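The values are calculated or read from the model by the stated rules, or taken from the named source; none is laboratory data. Bear in mind the structure is a predicted one, so any value in this text is a computation, not a measurement. No Cβ is skipped: glycine too gets one built from the backbone with ideal geometry, and neighbour counts run over all protein chains shown.
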């Protein structure tokens, strides 16, 4: 076997292996390939409320704090004004719906039907500047994504919701109860679950 032939055989093997890996994991995102989903970490359509979960409430250490009857979502402005909303107060506000995907860094993506308060409505009521970046703070006490930031173009997008319901039912604990963020065009790790506060950090 010549060097050139050996190189071609090697490259063909690499290509075949890559194609097989894609085929055996793509079922987490595509229904037609779900029977081949042997190596992917999640299965499309499976999980709480038919949506896969990457990090559970137990793993995040929020099973108690997320169920606290006195939970509130605090909105903090740069002026130093704080406003706390109970879940009932959020539910009493005008509710909006959006069909948006969770796109996970693990490689899977799944769309769901979300319902809740527009983040922009809440920020506007609090008097936040429409140019502001917003810091999202979770109830979880540890982890790289306990706090994330959201640029103004996402925060004020009419499809960005403080989600209270998922697929026609109360948001499940593993999906971020009592409230979570869902926004278009953001990776799943930045769709903050178990919200504790929203903070205006510049503008």
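Provide a single number: the residues in the stretch 146-199 that are within 21 Å of residue 58 (Cβ to Cβ) and either out of contact with any strand residue (DSSP E or B) (no Cβ under 9 Å at 6 or more places or on another chain) or not in a strand (DSSP E or B) (or both).
Selection size over the stretch 146-199: 17.
Could you say whether any residue in the stretch 164-175 is surrounded by fewer than 23 Cβ atoms within 10 Å (Cβ to Cβ), modelled with pLDDT of 95 or more, closer than 20 Å to residue 82 by Cα and more than 12 Å from the chain's Cα centre (by Cα)?
Checking the stretch 164-175: not a single residue is surrounded by fewer than 23 Cβ atoms within 10 Å (Cβ to Cβ), modelled with pLDDT of 95 or more, closer than 20 Å to residue 82 by Cα and more than 12 Å from the chain's Cα centre (by Cα).
When the stretch 86-105 is examined, which residues are found to be touching a helix residue (DSSP H, G or I) at 6+ places or on another chain (Cβ under 8 Å) and farther than 15 Å from residue 171 by Cβ?
93, 94, 103, 104, 105 - these are the residues of the stretch 86-105 that are touching a helix residue (DSSP H, G or I) at 6+ places or on another chain (Cβ under 8 Å) and farther than 15 Å from residue 171 by Cβ.
Please find, within the stretch 73-125, the residue that is modelled with the lowest pLDDT out of those that are part of a loop (DSSP other than H, G, I, E, B) and surrounded by fewer than 14 Cβ atoms within 10 Å (Cβ to Cβ).
Selected residue: 105.
Any residue that is without any contact (Cβ under 8 Å) to a residue 60 or more places away in the chain and in a strand (DSSP E or B) - is there at least one of those in the stretch 128-144?
no
What is the one condition in (1) touching a helix residue (DSSP H, G or I) at 6+ places or on another chain (Cβ under 8 Å); (2) within 29 Å of residue 64 (Cα to Cα) that residue 130 does not satisfy?
Every condition holds for residue 130 apart from (2).
Would you check if residue 192 is touching a residue at least 40 places away in the same chain (Cβ under 8 Å) and touching a helix residue (DSSP H, G or I) at 6+ places or on another chain (Cβ under 9 Å)?
For residue 192, the condition - touching a residue at least 40 places away in the same chain (Cβ under 8 Å) and touching a helix residue (DSSP H, G or I) at 6+ places or on another chain (Cβ under 9 Å) - is not met.
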